[in-house]
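The values are calculated or read from the model by the stated rules, or taken from the named source; none is laboratory data. Everything numeric here is computed off the predicted structure, so don't read it as measured data. Heads up, the Cβs are rebuilt from the backbone with ideal geometry, glycines too, and the neighbour counts pull from every protein chain shown.
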Amino acid sequence: MNLKKRHTSMKGLAVVVSVAALAALAAPFLPTVLSSVVAQTETAADPAGLAPAPQAGRPVTVELTQAVSRTITQTRTVAGRVEPARTVDIAFQIPGQIVHLAVQSGDRVRNGDIIAELDRVDFELALDRAQASYNLANSELQRAADLAERGVAADARLETAQAQFAQAQVQLRQAERRLSQVRILAPFDAIVARTFVEEFVNTTTAAPVARLQDLSEMRVVISLPEELAAIARATPDAFDITASFPAVPGYTVSLELRSFSTDADPTTQTYDLEFAITGEIDPRLLPGMTADVGIAVSADADTGQAVVIPVSAVDTTSRSEPSVWVYNEASRMVTRRTVRLGLPFENDIVVLDGLEGDELVVSGGWWRLSESQSVIAAGL
């Protein structure tokens with residue numbers, strides 16, 4: 001019985017091996033065979049060989065929506081913060097003892113005003129030593145030059161005197177520069193935000209002494225969500241942006257874009273934009289104050305109207321600029337049209353340029369379209 005089962009198993013194994021071997025031999029010819037089978041199948045289905053291939057121009061069913069022109073009063077408010085045009089922490093370039101701190105927090109300074117001063121004695125002594133060495137080296141150089149001219153001294157003595165004079169000259173310039181650095185002067189008109197040191201303490205190189213804020217131009221920084229940041233980046237004139245300040249009642253200003261950070265906050269997925277305050281700055285306004293920034297659509301100045309379409313109608317994937325597909329009722333075809341977008345709200349978005357306000361646009365299925373594509377309209 002066992003012998004019979006073993007014989008049967010051996011026969012089965014032989015069959016498997018044979019089939020595998022045939023499959024291996026036939027593998028190079030499988031693509032040709034399959035192609036032939038497909039061709040024969042297609043011929044059988046269409047004996048005349050006239051079966052049409054899929055055509056790019058075959059009508060595609062899409063959803064259409066009419067662009068409308070209407071009054072837009074939508075405004076979005078975001079929180080902002082007031083910042084100076086620049087903030088600088090100033091410091092001494094040399095170490096020493098501070099003997100005079102000329103400013104306090106809140107002081108206003110002009111370009112060139114003294115901020116702080118170090119004890120000068122050691123630096124004046126160093127300058128006197130450098131001056132004496134310079135005078136001596138200069139005398140030695142003159143003497144060596146006279147002797148060399150008369151042929152009394154060797155040229156080597158003149159070369160040594162020249163080198164010593166050059167070294168003394170450098171040391172003198174260094175001592176003069178270090179003495180000039182015992183004072184810190186304001187590099188621009190500013191307000192002293194804070195001081196970091198007191199008088200009669202020793203300070204080291206680059207240790208901050210005071211923080212200066214340039215208030216010649218005040219700025220407002222806001223963080224925008226990605227859908228608004230994309231529009232602000234592409235078309236910064238798409239919005240009318242104003243700011244008011246809770247701490248300064250009655251003061252409202254227009255803002256002008258200064259910079260756009262493309263480094264998104266990984267947590268909130270927002271982008272920082274910096275705006276300059278235009279017009280006269282209220283003296284009550286201070287850096288660090290909060291701002292309520294209103295972002296409104298720039299509607300037509302004459303009519304107050306703006307063209308609105310569904311957000312789903314905007315093709316933002318195929319080109320660097322947003323576009324929409326416009327339907328022609330006479331030809332029943334669509335063409336792509338580049339548009340300039342404004343502020344989105346709810347499920348719609350404002351179109352600033354590119355549409356008149358009475359066109360039919362594809363609001364669903366545009367990803368299947370090509371230029372001058374015939375379509376079957378739906379949705380109206």
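Conditions tested, residue by residue: (1) hydrophobic (A, V, I, L, M, F, W, C); (2) surrounded by fewer than 16 Cβ atoms within 10 Å (Cβ to Cβ); (3) over 30 Å from Phe275 (Cα atoms).
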| site | (1), (2), (3) |
| --- | --- |
| Pro84 | no, no, no |
| Thr87 | no, yes, no |
| Gln93 | no, yes, yes |
| Ala102 | yes, no, yes |
| Ser105 | no, yes, no |
| Arg110 | no, yes, no |
| Arg120 | no, yes, yes |
| Leu127 | yes, no, yes |
| Ala130 | yes, no, yes |
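Screening the range 291-313 for residues that are of a type in the set (A, V, I, L, M) and surrounded by fewer than 20 Cβ atoms within 10 Å (Cβ to Cβ) and picking the one that is modelled with the highest pLDDT gives Val311.
For every residue, the table says whether it meets (1) within 18 Å of the chain's Cα centre (by Cα); (2) not aliphatic (A, V, I, L, M).
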site: Leu185; (1), (2): no, no
site: Ala193; (1), (2): no, no
site: Phe196; (1), (2): no, yes
site: Thr204; (1), (2): no, yes
site: Gln213; (1), (2): no, yes
site: Val220; (1), (2): yes, no
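Quick grid of which residues meet (1) in contact with a Gly (Cβ under 9 Å, 6 or more places away or on another chain); (2) over 30 Å from Gly342 (Cα atoms); (3) surrounded by 15 or more Cβ atoms within 10 Å (Cβ to Cβ):
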{"residue": "Ala156", "(1), (2), (3)": "no, yes, no"}
{"residue": "Arg173", "(1), (2), (3)": "no, yes, no"}
{"residue": "Arg178", "(1), (2), (3)": "no, yes, yes"}
{"residue": "Ile184", "(1), (2), (3)": "no, yes, yes"}
{"residue": "Glu199", "(1), (2), (3)": "no, yes, no"}
{"residue": "Ala207", "(1), (2), (3)": "no, yes, no"}
{"residue": "Ala210", "(1), (2), (3)": "no, yes, yes"}
{"residue": "Val220", "(1), (2), (3)": "yes, no, yes"}
{"residue": "Ala230", "(1), (2), (3)": "no, no, yes"}
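I'd like the full set of residues that are farther than 21 Å from Arg86 by Cβ, without any contact (Cβ under 8 Å) to a residue 40 or more places away in the chain and in contact with a strand residue (DSSP E or B) (Cβ under 8 Å, 6 or more places away or on another chain), limited to the range 263-283. The answer is Ala264, and nothing else. Does the range 118-135 contain at least one residue that is closer than 17 Å to Phe200 by Cβ, touching a strand residue (DSSP E or B) at 6+ places or on another chain (Cβ under 6 Å) and either at pLDDT 95 or above or among the aliphatic types (A, V, I, L, M) (or both)? Checking the range 118-135: at least one residue is closer than 17 Å to Phe200 by Cβ, touching a strand residue (DSSP E or B) at 6+ places or on another chain (Cβ under 6 Å) and either at pLDDT 95 or above or among the aliphatic types (A, V, I, L, M) (or both). Please verify whether Ala175 is of a type in the set (Gly, Ala, Ser), in contact with a Lys or Arg (Cβ under 9 Å, 6 or more places away or on another chain) and in contact (Cβ under 8 Å) with a residue 40 or more places away in the chain, treating the condition exactly as stated. Taking the combined requirement at face value, the residue satisfies it.
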